[in-house]
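Shown next, in structure tokens, is the structure this report addresses.
The values are calculated or read from the model by the stated rules, or taken from the named source; none is laboratory data. Quick caveat: nothing in here was measured; it's all calculated off a predicted structure. Ideal geometry is used to build each Cβ from the backbone, glycine not excepted, and the neighbour counts take in all protein chains shown. Each accessible area value is taken on the protein alone, full model and side chains, heavy atoms only, with ligands, DNA and RNA left out. Shrake-Rupley method; radii C 1.70, N 1.55, O 1.52, S 1.80 Å.
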Amino acid sequence: MGRRRVIQPSQIIQSTLMVLSTRGVEAVTIAQIAQQAGISEASIYKFFSSKEELLRACVSESVAPHDFWRRLIAQSATRSVRELLEDAALYTIRYYKQNLPTLLLRVLRPQSADCCSGPLQTLDLQTLYFQSEIDRGRIRLSDPKRLAIAFCGALFYHVFAAQAFGGGEAALQAAHDNFARAWVQDFWLSLKPESP
């Protein structure tokens, strides 16, 4: 007799995120999630009382990329702005690609008034990065918060549009990376201090 399979809530959440990435929030069913996870619907209900509760758990699972931006700020004294921005663009576009369904769920179904505290904390770190580069004279004087929003906004829209209009998975990743590299070059040129 074989061992009974142990099911973790995190496995159900990951399966839900996979299904959400191919279907709209309203179109997702418990049956589809169970099929994706390779378990019964009853197994899902052992952990989550409803689809709504499961979706709330998915929203909570999305963690903002604070650590990446903290490392980027720490590296800013030893690396060029263009290198840092390229790393940030590649990281950000991959993060959005992986977490797009959850990020959209945060907006569509906020859990509470602080549902966006993680993304807002990340925006604060991004703003701090741009402010530190402005203070060092490595980029032109500008509003650092507006730079942070412009930086991430364009990357988010690219991922959203690519997901909305489809394409092969491998081709999409290469297209995302190529877009990020080309876009960050233009972004850097717009920020680069003028030579004396």
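Details
- Filter pass, Tyr129 being in contact with a Phe, Trp or Tyr (Cβ under 7 Å, 6 or more places away or on another chain) and either among the acidic types (Asp, Glu) or at pLDDT 90 or above (or both): yes
- Subset of the range 14-36 (residues that are open to solvent by 20 Å² or more (accessible area, probe 1.4 Å) and modelled with pLDDT of 85 or more): Thr29, Ala31, Gln32, Gln35, Gln36
- Flag for Tyr96 being open to solvent by less than 70 Å² (accessible area, probe 1.4 Å), assigned to a helix (DSSP H, G or I) and modelled with pLDDT under 85: yes
For (1) modelled with pLDDT of 85 or more; (2) in contact with an Asp or Glu (Cβ under 6 Å, 6 or more places away or on another chain); (3) of a type in the set (Ser, Thr, Tyr); (4) buried (at least 18 other Cβ atoms within 10 Å of the Cβ), each residue gets a yes or a no:
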{"position": "Ser49", "(1), (2), (3), (4)": "yes, no, yes, no"}
{"position": "Leu55", "(1), (2), (3), (4)": "no, no, no, yes"}
{"position": "Ala64", "(1), (2), (3), (4)": "no, no, no, yes"}
{"position": "Leu72", "(1), (2), (3), (4)": "yes, no, no, yes"}
{"position": "Ser80", "(1), (2), (3), (4)": "yes, no, yes, no"}
{"position": "Ala88", "(1), (2), (3), (4)": "yes, no, no, yes"}
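- Residue count for the range 161-181, restricted to those that are open to solvent by 60 Å² or more (accessible area, probe 1.4 Å) and modelled with pLDDT of 85 or more: 3.
- Within the range 137-146, tally of residues that are closer than 12 Å to Pro193 by Cα and either open to solvent by less than 70 Å² (accessible area, probe 1.4 Å) or touching a residue at least 60 places away in the same chain (Cβ under 8 Å) (or both): 4
- Unmet criterion (only one of (1) at pLDDT 75 or above; (2) surrounded by 13 or more Cβ atoms within 10 Å (Cβ to Cβ); (3) part of a loop (DSSP other than H, G, I, E, B)) for Ser43: (3)
- Checked against (1) at pLDDT 80 or above; (2) open to solvent by less than 60 Å² (accessible area, probe 1.4 Å), Ile149 passes all but a single condition, namely (2).
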